[in-house]
Amino acid sequence: MRGEGAPSRVVAAPQERTTKVLDGAWAVGFEASRGAPAQVTLPALISLSEHADPGVRYFSGVATYTKALELATGPEAGQSYFLALGEVEDMARVRVNGTEIGTVWRPPFRVDITRALRRGSNEIAVEVANTWKNRLIGDQQPGMVQVSFAPSAAERPDSPLLPSGLIGPVRLVE
């Protein structure tokens with residue numbers, strides 16, 4: 001027989017608001033010897049597989065995205081700030097002002113950056129790792145220098161590329 005418990009109540013979800021959208025240009029650095037240039041500047045976040053440069057389009061490995069974030073005020077007691085990365089293909093590690101914050105590998109791709117955030121200029125760095133599929137396809141394109149090795153190529157030159165990298169939109173959420 002069930003007894004009467006405490007009355008139930010509805011708990012309101014925490015209120016959040018987007019403080020900033022980190023749109024515009026991002027610098028992207030690439031691991032050496034992976035077929036990509038050392039660095040490019042993206043005017044806006046896109047899938048690397050949509051980039052015009054074949055070295056970027058077929059890149060597989062870790063790409064590091066960096067951007068400055070200016071804050072007029074720093075976090076106050078009781079405030080929390082999250083970096084919402086939007087779409088990430090495939091996993092990301094976040095650093096703010098050189099402090100490692102955490103790694104995310106599934107939606108909602110969101111990390112609490114409160115402890116590293118400060119008033120003024122902040123450096124956001126997001127390292128994104130993707131799979132080898134696009135590189136395996138790229139290595140089969142005419143004129144490309146082979147970067148990867150696979151004992152049996154499951155991918156063909158006309159196989160569709162996967163989305164890759166930090167696609168966003170990236171938002172600072174309070």
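Under the Karplus relation 6.51 cos²θ - 1.76 cosθ + 1.60, θ = phi - 60°, what is the ordered set of whole-Hz ³J(HN,Hα) values for the range 50-67, x standing for Gly and Pro?
Calculated HN-Hα couplings, in order: 9, 6, 5, 6, x, x, 7, 4, 9, 5, 9, x, 10, 10, 10, 9, 10, 7 Hz.
Could you give each residue of the range 112-121 its phi-based ³J(HN,Hα) in whole Hz, using Karplus coefficients 6.51, -1.76, 1.60 with θ = phi - 60°, and x for Gly or Pro?
Result, rounded to whole Hz: 7, 10, 3, 5, 9, 7, 9, 5, x, 7.
Give the calculated FRET efficiency between residue 121 and residue 4 to the nearest 0.05, with a Förster radius of 41 Å applied to their Cβ-Cβ distance.
With R0 = 41 Å, the Cβ-Cβ based efficiency is 0.10.
Per-residue ellipticity at 222 nm for the chain, helices alone: DSSP H runs ≥ 4 residues times -39500 (n - 2.57), over residue total, nearest 500 deg cm²/dmol?
-1000 deg cm²/dmol
So what does residue 59 come to for accessible area, using a 1.4 Å probe and Å² rounded to 10?
0
Find the relative contact order for the range 31-127 and round it to a whole percent, using C-alpha pairs within less than 8 Å whose residues are 6+ positions apart.
Computed over the range 31-127, the figure is 31 percent.
Once you place label points 7 Å from the Cα toward the Cβ at residue 50 and residue 31, how far apart are they in nm?
Going by the 7 Å Cα→Cβ label model, 2.5 nm.
Between beta-carbons, use under 13 Å as the cut-off and find the net charge around residue 18, counting Lys and Arg +1, Asp and Glu -1.
Overall, the nearby charge balance is +1.
Cβ under 10 Å from residue 146's Cβ, residue 146 left aside: what net charge do those residues give with Lys, Arg +1 and Asp, Glu -1?
Taking every other residue near residue 146 into account, the sum is 0.
Net charge within 10 Å of residue 124 by Cβ-Cβ distance, Lys/Arg positive one each and Asp/Glu negative one each, not counting residue 124 itself?
+1
Quick check: pseudo-label points 7 Å beyond the Cα along Cα→Cβ at residue 141 and residue 23, how many nm apart are they?
With each label point 7 Å from Cα toward Cβ, the separation is 2.9 nm.
What shape does the chain take by its C-alpha gyration tensor, where a ≥ b ≥ c are the square roots of the eigenvalues and a/c under 1.5 counts as rounded, a/b above b/c as prolate, and the rest as oblate?
Here the chain falls in the oblate category.
The values are calculated or read from the model by the stated rules, or taken from the named source; none is laboratory data. What you see is a predicted model, and the numbers here were worked out from it, not measured in a lab. Neighbour counts are summed over all protein chains in view; Cβ atoms, including those assigned to glycine, are modelled from backbone coordinates with ideal geometry. Accessible surface areas use protein heavy atoms only, side chains included; no ligands, DNA or RNA. Shrake-Rupley method; radii C 1.70, N 1.55, O 1.52, S 1.80 Å.
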